[in-house]
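For reference, the structure discussed in these notes is given below.
The values are calculated or read from the model by the stated rules, or taken from the named source; none is laboratory data. Owing to the predicted nature of the structure, the values given are computational and were not obtained by experimental measurement. Neighbour counts run over all protein chains shown; Cβ positions are idealised from the backbone, glycine included.
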Amino acid sequence: MKMKVLGISCSPRRGQTTDRLVQEVLNGVDGSTEFVSLNGLRIGPCLGCLGCVADNVCKVQDDMSALRSKIVEADALVVGAPNYFDMINGLAHCFLERLYQFRHQEGDILHSKLGVAVGVGGGKPDSAVRDIEKFFTFSQIESVGSVTAQGPACCFNCGCGEDCKVGAIHMFFGPGTKITDELIPDLSKQPEKLVAARELGQKLSQRLTED
Ligand SMILES: Cc1cc2nc3c(=O)[nH]c(=O)nc-3n(C[C@H](O)[C@H](O)[C@H](O)COP(=O)(O)O)c2cc1C
């Protein structure tokens, strides 16, 4: 059976943890894959205009139109997002809200698709998985699993991290902490997460072969 898995990273930071972890899931897939970064794309929120009711096609003119075709053609979606303020980031929320277009008149375009949620956070990557899976449930996308990893909070790189009293460095490690390469979280230091991501990709392939 031919299969197509679409990976979508909702991080605005290209090549960072979310992109890499989504790509690692795709690396485990035995089949055709495509990776899309939302970095640089213009995808606004659902406007609630109900323009999609008659035909399940959103009428808002932005980059979601091109992405819609890819979603329709895919057998499975791997959606990754970073945790911003203990929830998925705004870009992810806008993208996932726009799945509303598929729901009308018992629309079943998404119903047979499988999903994998990828969550990244400086401290709590699980929050992103929680939110992505809620959208999967609303869209009747069947979740086959999730993977999370720790990414570097911006305080490691902003230049003020060692001194800022309200930043992540003071909060997690205490005042006086020096920022060293060893201290900065990176996916390469979490090999078990890379293994888990590839295994999820394999699981997706197996499920798609069975179905
Ligand atoms: C505006 C903003 C808010 C954030 N809030 C949280 C948070 O509440 N909890 C958390 O665990 N990480 C938080 N982070 C850290 C990010 O999740 C972390 O930097 C992650 O690596 C970003 O993913 P990326 O590397 O793929 O861009 C926040 C980052 C930003 C920019």
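Worth pointing out:
- Qualifying position, being touching a Lys or Arg at 6+ places or on another chain (Cβ under 7 Å) and surrounded by 11 or more Cβ atoms within 10 Å (Cβ to Cβ), among Leu194, Leu187, Leu183: Leu187
- Residue within the range 94-103 that is at pLDDT below 95 and either more than 16 Å from the ligand (Cβ to nearest atom) or in a helix (DSSP H, G or I) (or both) present: yes
- Residues in the range 137-153 that are in contact (Cβ under 8 Å) with a residue 24 or more places away in the chain and either within 8 Å of the ligand (Cβ to nearest atom) or β-branched (Val, Ile, Thr) (or both): Ile141, Val144, Val147, Thr148, Gln150, Gly151, Pro152, Ala153.
- Yes/no for Ile179 being in contact (Cβ under 8 Å) with a residue 12 or more places away in the chain and either farther than 25 Å from Ser9 by Cα or among the acidic types (Asp, Glu) (or both): yes
- Sole residue being within 21 Å of Val147 (Cα to Cα), acidic (Asp, Glu) and either free of Cβ contacts under 8 Å to residues at least 40 places away in the same chain or surrounded by 15 or more Cβ atoms within 10 Å (Cβ to Cβ) (or both), chosen from Asp55, Asp63, Asp75, Asp86: Asp75
- From the list Gly161, Gly174, the lone residue that is surrounded by 14 or more Cβ atoms within 10 Å (Cβ to Cβ) and farther than 30 Å from Leu96 by Cα is Gly161.
- The listed residue being assigned by TED's automatic domain parsing to the domain that holds Leu26, in contact (Cβ under 8 Å) with a residue 24 or more places away in the chain and among the basic types (Lys, Arg), out of Lys134, Lys124: Lys124
- Residues in the range 104-126 that are away from the ligand (no atom under 15 Å from the Cβ) and closer than 27 Å to Leu194 by Cβ were compared, and the one that is surrounded by the most Cβ atoms within 10 Å (Cβ to Cβ) is Val116.
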